[in-house]
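The values are calculated or read from the model by the stated rules, or taken from the named source; none is laboratory data. In this text the structure is predicted, and so the values were computed from the model without any measurement. Cβ coordinates were reconstructed from backbone atoms using ideal geometry, including for glycine residues, and neighbour counts include every protein chain displayed.
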Amino acid sequence: MIHQYDEPVYLISVVAKILDIHPQTLRQYERENLIAPSRSNGRLRLYSQRDIDKIKLILRLTRDLGVNLAGVDIILRLKDNVDDMEQEINELRHQVLKARNNMSTVSHDKALVTKKSVYEMIIFEE
């Protein structure tokens, strides 16, 4: 059975085993608001593949680069901001491309339309 990327399916013990870390480390990351696993009806933590990838990034930052958890929090927030901005840039590029494609269907002599108005004034003398 294949699960969606964001579907919470892994128990804390499974994630700890996959990543070769203690479950208490995962609880600490949650207390620090670095991760937010889903909860089952029985209040069990359930992790998605996205959560696991985020934990891998946290581990890389802390183990390989020596970043403390406060630094990890800042880095993750900045990464989220950059991801949001990249998505917005891609949407704007798509809109510009769409606008350019629509402009190419109008001939150049009709691309700019101006309307001239002429008002005449008639004065009647009595």
Report summary line: Result of the Cβ filter at 9 Å on region 53-69, keeping first residues that are within 16 Å of E32 (Cβ to Cβ) and partners that are outside any helix (DSSP H, G or I) and among the polar types (S, T, N, Q), at least 6 apart or interchain, is T62/N68
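With respect to Q28, determine if the residue is part of a helix (DSSP H, G or I), modelled with pLDDT of 95 or more and loosely packed, with under 12 Cβ neighbours inside 10 Å. Write out each step before concluding.
Working: part of a helix (DSSP H, G or I): yes; modelled with pLDDT of 95 or more: yes; loosely packed, with under 12 Cβ neighbours inside 10 Å: no.
Here the answer is no, as Q28 does not meet what is asked.
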Requested in this report: Please enumerate the residues belonging to region 70-102 that are within 16 Å of N33 (Cα to Cα) and small (G, A, S).
Outcome: A70, G71
Report task. Under 9 Å between Cβ atoms, at least 6 apart or on separate chains: pull out the pairs that start in region 18-35 with a residue that is more than 17 Å from G71 (Cβ to Cβ) and end on any residue that is of a type in the set (G, A, S). Result -> H22/A16; P23/S13; P23/A16; Q24/A16; L26/A16; E30/A36
Query raised in the report: How many residues, within region 50-97, are under 23 Å from L19 (Cβ atoms), more than 20 Å from the chain's Cα centre (by Cα), part of a helix (DSSP H, G or I) and not hydroxyl-bearing (S, T, Y)?
Result: 8
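Just the residues that are surrounded by 14 or more Cβ atoms within 10 Å (Cβ to Cβ) and not in a loop (DSSP other than H, G, I, E, B), please, taken from region 38-49.
In the first step, residues of region 38-49 are kept if they are surrounded by 14 or more Cβ atoms within 10 Å (Cβ to Cβ); the result is 38, 45-49.
Selection gives S38, R45, L46, Y47, Q49.
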